[in-house]
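Scroll down for the structure; my scribbles are underneath it.
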Amino acid sequence: MTTRMETVTVSDGTFDLTVWLPEAPAPRPGILLVQEIFGVGPYVKAVAEDLAALGYVVAAPDLFWRQHRNWAAGHDDAGLQASMALVGQYDFPRGVVDCQASLDVLRGLPEVAGQPVGALGFCFGGSMTFFLGAQGNPDAVVSFYGSVVPDNAALLDKISVPTLMHFGGDDPYIARADIAKVEAAAEGKPHVELHVQEDAGHAFHNRMAPAFHHPEAAARAWRLTEEFLGRVLPV
């Protein structure tokens, strides 16, 4: 696969959008890959390569550009604390606008050209893709353990596209009782699929963060994700 950089323009500036192109004939469906709090670093790039290997055109926006361009923190205590400080100052409404603008750029790439475009995010990105599904126009949404999703579960009423949500049942940042709120809000919505890996905590998919990674839960959730994408964004 190959990569290149695109530029996204919004009302108050521009920011980078890294694009991964699969080794497959164009056009292909696209996936907007939304970063965790650690930025567009090695983990997000590895996931982008996984998705591109499935045949998707993948694009990851630099969402912390207003605070620190091209943020990529280490998966250690120092990186966690610095990243949490950035999230604490983050303007989520502006972030949703940034995500939609990035989605528009991805959708307009010649390698996508009329194909559907979904959004997939982890942690912070899981919250952003959830908001984007309610306020923007992705063709599908995948949200991994978005911490603000439970308090905004009512927004599921505004999401009409196929949606897949993952949580860890032993997540210290998202109480199991709060996940139950999302489960209740998803009831009766056939386009919404929710899976809880009861034995896993937060960020269980992140294979580059030993303190969080749960290999078995990660494999189960990724298999479900591949199956979901294969149904709703077939390549």
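The values are calculated or read from the model by the stated rules, or taken from the named source; none is laboratory data. Given the structure is predicted, the values throughout are model-derived calculations rather than measurements. Here Cβ is always computed from backbone atoms with ideal geometry, including for glycine, and neighbour counts include all displayed protein chains. Side chains included, ligands, DNA and RNA excluded: accessible areas come from the protein's heavy atoms. Shrake-Rupley method; radii C 1.70, N 1.55, O 1.52, S 1.80 Å.
For every residue, the table says whether it meets (1) among the acidic types (Asp, Glu); (2) under 19 Å from the mean Cα position of the chain (by Cα); (3) in a helix (DSSP H, G or I).
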{"residue": "Arg107", "(1), (2), (3)": "no, yes, yes"}
{"residue": "Gly121", "(1), (2), (3)": "no, yes, no"}
{"residue": "Asp139", "(1), (2), (3)": "yes, yes, no"}
{"residue": "Gly146", "(1), (2), (3)": "no, yes, no"}
{"residue": "Asp157", "(1), (2), (3)": "yes, no, yes"}
{"residue": "Phe167", "(1), (2), (3)": "no, yes, no"}
{"residue": "Ala184", "(1), (2), (3)": "no, no, yes"}
{"residue": "Leu194", "(1), (2), (3)": "no, yes, no"}
For segment 175-193, does any single residue satisfy the condition of being open to solvent by less than 60 Å² (accessible area, probe 1.4 Å), in contact with a His (Cβ under 9 Å, 6 or more places away or on another chain) and modelled with pLDDT of 95 or more? no
Here is a list: Leu51, Leu32, Leu63. Which entry is out of contact with any strand residue (DSSP E or B) (no Cβ under 6 Å at 6 or more places or on another chain) and of a type outside the set (D, E, K, R)? Leu63
Conditions (1) more than 15 Å from the chain's Cα centre (by Cα); (2) within 17 Å of Phe92 (Cβ to Cβ); (3) buried (at least 21 other Cβ atoms within 10 Å of the Cβ); number of the one not met by Asp171: (2)
Taking first residues from segment 145-165 that are farther than 16 Å from Gly126 by Cβ and second residues anywhere that are among the basic types (Lys, Arg) and assigned to a loop (DSSP other than H, G, I, E, B), the pairs with Cβ under 9 Å that are 6 or more apart or on different chains are Asp157/Lys189
Note on segment 207-235: residues in a loop (DSSP other than H, G, I, E, B) and of a type in the set (A, V, I, L, M) are Met208, Ala209, Ala211, Leu233, Val235
Checking the condition β-branched (Val, Ile, Thr) and within 15 Å of Thr3 (Cα to Cα), which residue from Val47, Val117, Val87, Val96 passes? Val47
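Yes or no, residue by residue, for (1) touching a residue at least 12 places away in the same chain (Cβ under 8 Å); (2) surrounded by 18 or more Cβ atoms within 10 Å (Cβ to Cβ):
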position	(1), (2)
Thr2	yes, no
Val19	yes, yes
Ala52	yes, yes
Tyr56	yes, yes
Asp62	yes, yes
Asp76	no, no
Gln89	yes, no
Gly95	yes, yes
Ala101	yes, yes
Matching option when the condition is in contact (Cβ under 8 Å) with a residue 60 or more places away in the chain and of a type outside the set (S, T, N, Q), among Ala134, Ala211, Ala184: Ala211
If you go through segment 113-167 one residue at a time, how many are surrounded by 23 or more Cβ atoms within 10 Å (Cβ to Cβ) and of a type in the set (Val, Ile, Thr)? 6
Taking the criterion of being within 19 Å of Gly108 (Cβ to Cβ), in a loop (DSSP other than H, G, I, E, B), touching a helix residue (DSSP H, G or I) at 6+ places or on another chain (Cβ under 7 Å) and not β-branched (Val, Ile, Thr), would at least one residue in segment 64-81 satisfy it? no
In segment 103-112, which residues are open to solvent by 20 Å² or more (accessible area, probe 1.4 Å) and in contact with a strand residue (DSSP E or B) (Cβ under 6 Å, 6 or more places away or on another chain)? Val105, Arg107, Glu111
